[in-house]
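The structure under discussion appears below in the form of structure tokens.
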Amino acid sequence: MRSNVYLVGAGSSWALIDTGGRACAVSIRTAADVVFGADVPAAAIVLTHHHPDHSGSARELARVWRCPVYFHADELPLTSGEIAALGRYANPLDRWLILPLLRILPPSRREAMLAEGSLSDVAVALDPDGEPPGLPGWLCVPTPGHTPGHVAFFRPSDRVLITGDAIVTVNLNSPVGLLQRPRPCPPPRYSTWNWRQATDSAAALALLEPRVLAGGHGPPLAGPVLAAGLHALADGLDDAGAHETSRRARPAGQPRHGPLAPMPAPEKKRSRIGHAVLGLSAIGYPLTQATIRRFGVRGAVVVEAACVGLLIRDGFLLAAGTPRRLRHLPAALLWLETGVAAAAVAAGIRPLLAPAALERAARKHSSGSETIRRSAIRILFALHTLRFRIYLQPDRGRRPASP
Ligand SMILES: [Zn+2]
């Protein structure tokens, strides 16, 4: 998953906010050479949070530039590379995929992988009340939720706000949303530790009314698109139940959304559609089999048309570059779904060309292509269901026992 990094100049020095994935060190150094001149190391590396797509190159860059990597103190347990910390602050992706995979690995391999992701030897705690290192004129804004020690950075002089994953400008919670124009969006649920805190933090950031918003994913936004989008985001979060704490966070006397114009909030409606798709997907396989049993060849034509429809949709999402904007698991699921949909379509065409064979196969379950078709449809709906469950994951996060 591609993420943004920000090279922020301050007089003759500069600081790096976020470091991208593990393969980004060379391109960041090249960009820094172009912008600030060769051999001008960053004064500091400051991370919004410890996720591999934001902190992946931190160790290598810290080694090259001989500078520390700053995190909020509440994020430091995650930098330790200990499986207990990963479990304590697990997000849905960690709970469902990463931790189960780590637990079945041989201990030596597991330790090696965790040690690779550890930044404990270079990580230093930020002073959340002071000026962030290497960023004069900026403020550190604690925005817990996506991770326990997530932070954003705000420069009041020109109202530039760098949000990490507290607010992103591409909707990572819906495959439909990914095709929409960039706008301020909450973080992806499947990689968010505590959804309630995350929505409170996003609402608090919206109240800062930035002139420029630069998120961890998606293009930076400015102007009327940003103002209207922040208003819609805040309203959507209010609808989702985050309003109580966001109101508490609002300074007394300040209007709820400042001078922004009213905008409708689409989040609730989209969530309802998502849950309807999830329900339909969960009963997809028995529904297709019942359709074929009940309506014979005509039912098989309907099922084949549905598979072709899913294949076209997946092909469209792939052509639009959707997997690049998804995190690893949903992107992998989308690729898998496309392959399985193609197999289901291919296996469904042959019996349709010879309806007598279909009738025989449906009775005896003995045809090879029929077996492939059934298996492909079963897997297709299972993958689809899993992907939508990730998008619609409810808040299961907890506050840490000792932050
Ligand atoms: Zn993240």
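Under a 5 Å amide H cut-off, with hydrogens placed 1.01 Å from N, Leu139 pairs with Phe154, Arg155 among residues at least 5 apart or on other chains.
Listed by Cβ neighbour count within 10 Å, with the fewest neighbours leading, Cys24, Cys185 appear as Cys24, Cys185.
The Cα center of segment 1-29 and the Cα center of segment 116-174 differ in position by 13 Å.
Given axes a ≥ b ≥ c from the Cα gyration tensor, I'd like to know whether segment 133-202 is rounded (a/c under 1.5), prolate (a/b larger than b/c) or oblate. Note, shape of segment 133-202 comes out oblate. Note on segment 6-249: dipole from Cβ charges, positive end direction compared against Leu119, Phe154, Pro68; the farthest Cα belongs to Leu119. In terms of surrounding Cβ atoms within a 10 Å radius of their Cβ, Phe71, Phe381, Phe154 rank from fewest to most as Phe154, Phe381, Phe71. Give me the net charge of Phe71's neighbourhood, meaning all other residues with Cβ under 12 Å from the Cβ of Phe71; Lys, Arg count +1, Asp, Glu -1. Cβ neighbours under 12 Å give a net charge of -4.
Peptides 25-35, 80-90 ordered by packing proxy, namely the average of other Cβ atoms within 10 Å per residue, highest first: 80-90, 25-35. For segment 6-249, the gyration tensor built on C-alpha atoms gives an oblate shape. Its axis ratio a/c (a ≥ b ≥ c) is at least 1.5, and a/b is not larger than b/c.
Between Ser27 and Arg103, the modelled labels are 3.6 nm apart [label points 7 Å from Cα along Cα→Cβ].
Charged neighbours of Arg159, selected by a Cβ distance under 9 Å, balance to 0 (K, R count +1; D, E count -1).
Taking the Cα centre of segment 6-249 as reference, the dipole from Cβ charges on Lys and Arg (+1) and Asp and Glu (-1) amounts to some 440 debye.
Based on Cα contacts under 8 Å between residues 6+ apart, segment 6-249 shows a relative contact order of 16 percent. By the compact-protein rule of thumb, 2.2 N^0.38 Å, the alpha-carbon radius of gyration of segment 1-137 corresponds to a ratio of 1.10.
Throughout, read-outs are computed from the coordinates displayed, never taken from laboratory work. Here the structure is a predicted model, which is why all the values come from computation and not from measurement. In this analysis, Cβ positions are derived from the backbone assuming ideal geometry, glycine residues included, and neighbour counts consider all displayed protein chains.
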